[in-house]
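This report concerns only the one structure given below.
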Amino acid sequence: MRKIFVLGAASILFFASCSKEKDLYQGSQVSDEQIKENVQNVFGVKFADNQDWSTAVKSSISITADADLTDIVKVQILTLSPFGNGDGNGATVLNEAEVTKGQTVELVYDAPLSQKTFYAACVTKDGQYFIKNFALGDSKVSFNSTNKQARRRALPEGVAEKVNALPTPTIGLIENSFAKDRNWEGFDNCLLYQIGDRETYKDYIMNLDDYDEANKTLLKDIILTYLPNKVSNIEKIRGSAYYNEKSYPITTGGEDPIVLSPIYKDDGGWKEVEGCDLYYYYFKKEDIDWMTEAEQVAYFKSLPKYKAIDLMNSVGKNEKSTGMADKELKKETAYALIYWGEGIPTVGTEGTFVFPAGYYIGFMLRNHDAYKKHWGEMYCDGRLNKEVNHYGDLASAKLGDTEPRIAWLAANNKMFVCCESGTDRDFNDVVFEIEGAVEPFVDMPVVEANSYSYCFEDTQLGDYDMNDVVIKAKRLSQTTIEYSIVACGAHDEIYVKNINQGAINDNAEVHSLFKVDQNTFVNTVVGAGTYKPITVKKTVSKTFSFTDPNSQPYLYNKTKDLEVRIAKAGEDPHGIMIPNDFLYPKEQVCIKNAYSEFNNWGQNPINSTNWYENPNESQVYQ
């Protein structure tokens, strides 16, 4: 699950207004009333007097790098959970600092006002993440001090002792799989096994202390951010690092058992939990190394499948009466996997709760009760799903011959099994956590830099296409900012002030930097050619903020002898700070037409605060 996060500092877009034919010379003769009248004509609405055109606020937080990771090299402030956002629309990094494990550091960050929850992250030298959420305004965050579940693959408290006290398990029930009964190819020897009878099986359910509120919230953020409800998440699954032949965790041996815990959720789909059982099978690598892929698949189909969890005996059956809030996640029970030895077991075969090292474990979800029309047995290894993916109503999910029905999510040293038991492909119908004696799956996000955007109109009676000068800035570290002038839609003599670094100095005219004359549009007209951005890096203080007027770049229009700075409350929107890598309007396209929610925000600063996330694709420059 490769994910892309954008290092949350700032991409700044400066738009020195549209100095085209319709932009006449405007100097001090232009009155405030004329400006207001022009704004009314261009936008068709009256903007709020208290609209200060700011979309972010400066804040700071103290982060202690005490997560349960080795080789921690930095901490970050993220806008979202970094796990599972492989579509490129994931977390952005608002600031970061190099640290050693246990070190505390104060980070300043610019928080988008449309967002109230953020994430602190510890990151290792190889890119492994451990996160914890916090609220805007919190003063400090640490990882281990409040997270009693944080230890790496550690078993829930008391589980190992409970397992060790259990009697020796024996096989008590054998039945045919659905696939065997249906004569599906390769399943003619597929038998299902479970421990003892149903009453005996109940003795192997271990009650857990429920997660504290912080862990419940984190579980929700990790799982439902990655796999949102009623959304097709199959593209994320296809891009996963744990797909088909790579979907098998490996046992580590030792004295600890392997434990599975259902994650119960109240999101309207609880009957899917009630109607499914989870089975597992196992093998060793040397058993299949000599086989072709087709022979391996046939071998997996024929292996005994052992019931790990009978969900009809769990709290999922009575979930609606547990008082869970909408979309809340919780973990209350644990089930130990049993090693039944090699070969085909018979009734009375004894097992052990300790697996030898080196076994690969596969999982099968059996949907059998609540939705009878969905009867099927579904595998994490999609190569075993050819028949079930085209069976009955399950076929409406439109999964291919080798698509998995069970996926893995690795986050915060935790491993989650995420199942699609129906047809909507959201892969969060049934979720389990696996802990104990298995090698971890480790998900290492790819982190990139994010941006803030400052948009400027460089004439007093402008048309507000906000593309006359476009400057992006990225915070590469606590003290390094990268500025790039990426576009110029002005036909006046324009200078960018207050960067004053390298090529972008106070005396450098913008067109000359691109080696074009003042009648050339630079990266504002689609199809008119593209120009490479002018980029510099600048050292700043650790307390630097893109919201600080003293550090914000501004424009000087020498043709009209006019300075253009970020707008203040009660002024026209000649300069606006915008989060993200903003898509600015095309030449002579007003920002209200490029972003249909802009006027709504302008009339009331608490409305449509994320207006910049919803562009009219045909009206922005890409």
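Mind scanning Lys36/Lys592; Lys58/Lys140; Lys132/Lys330; Lys236/Lys307 and naming the pairs with a C-alpha gap bigger than 25 Å? Could you put the intermediate results ahead of the total?
Details: Lys36/Lys592 16 Å; Lys58/Lys140 15 Å; Lys132/Lys330 17 Å; Lys236/Lys307 28 Å.
In this structure, Lys236/Lys307 exceed 25 Å between Cα atoms.
Between the beta carbons of Val347 and Glu255, assuming R0 = 22 Å, the FRET efficiency works out to 0.20 to the nearest 0.05.
What does the highest-first list of 548-558, 333-343 look like by mean Cβ count within 10 Å?
Numbers: 548-558: 17.5, 333-343: 19.5.
Ranked by mean Cβ neighbours within 10 Å, highest first: 333-343, 548-558.
On the beta carbon distance between Lys285 and Ala503, with R0 = 56 Å, the FRET formula returns roughly 0.50. If R0 is 35 Å, the Cβ-Cβ spacing of Ser60 and Ser618 corresponds to a FRET efficiency of close to 0.30. Modelled spin labels at Lys398 and Arg238, positioned 7 Å past Cα toward Cβ, are 1.1 nm from each other. Near Lys542, which aspartates and glutamates are there with a Cα under 16 Å away, not counting those fewer than 8 places off in the same chain? Straight-line reach from Lys542, under 16 Å: Glu96, Glu98, Glu106, Asp110, Glu482.
Just subtract the alpha-carbon distance of Ser541 and Thr70 from 0.36 nm times their residue separation and send over the number in nm, one decimal. Before the final figure, lay out the partial values.
Values: separation 471, 0.36 × 471 = 169.56 nm, distance 2.93 nm.
So the extension gain works out to 166.6 nm.
Residue pairs exceeding 26 angstrom between C-alpha atoms, taken from Lys74/Lys116; Lys125/Lys216; Lys46/Lys568; Lys301/Lys331: Lys125/Lys216; Lys301/Lys331. Here the label points at Thr168 and Ala298, each 7 Å from Cα along the C-beta direction, are separated by 3.7 nm in the simple model.
Binning all Cα-Cα separations of segment 406-522 at 5 Å, short to long from zero, yields these whole-percent fractions: 2, 9, 14, 13, 10, 7, 5, 5, 7, 8, 9, 7, 2, 0. Kirkwood analysis of segment 482-580, using all unique Cα-Cα pairs, places the hydrodynamic radius at 14.7 Å.
We did not get these values from a lab; they are worked out from the coordinates using the rules stated. Keep in mind it's a predicted model, so treat the numbers as computed, not measured. FYI the Cβ positions are ideal-geometry reconstructions off the backbone, even for glycines, and counts take in every protein chain you see.
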